[in-house]
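Let me begin by presenting the structure, written as structure tokens, before commenting on it.
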Amino acid sequence: MEARNPITWNFVGLCENALGHTRESVIAYERATQLDPTFKEAWANMAQVRPLACFPRVGQPPGRVERGI
């Protein structure tokens, strides 16, 4: 993987999100925006999934909230 390529990290975020790995997708989008702060697509993708990182996942016991970044 090209570790310094923001486009690669954005795709990693898309893949992680498709697998239901919300926290990991946010981490990948953050890496993409760190490498290129003007990368609007990565910012938009992160804005869509980041709120989901604060809600419990299906199957978690009531009262337990998995927090994102």
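One residue is enough: does segment 7-21 have a residue meeting the conditions among the small types (Gly, Ala, Ser), open to solvent by 70 Å² or more (accessible area, probe 1.4 Å), at pLDDT 80 or above and out of contact with any Lys or Arg (no Cβ under 8 Å at 6 or more places or on another chain)?
Yes, that holds for at least one residue.
Pick from segment 35-46 the residues that are in contact (Cβ under 8 Å) with a residue 24 or more places away in the chain and assigned to a helix (DSSP H, G or I): which of them is surrounded by the most Cβ atoms within 10 Å (Cβ to Cβ)?
42
The values are calculated or read from the model by the stated rules, or taken from the named source; none is laboratory data. Treat the numbers as computed from the prediction; the structure is a model and nothing was measured. In this analysis, Cβ positions are derived from the backbone assuming ideal geometry, glycine residues included, and neighbour counts consider all displayed protein chains. For the accessible areas, the whole protein counts, side chains as well, though only heavy atoms, and no ligand, DNA or RNA atoms are used. Shrake-Rupley method; radii C 1.70, N 1.55, O 1.52, S 1.80 Å.
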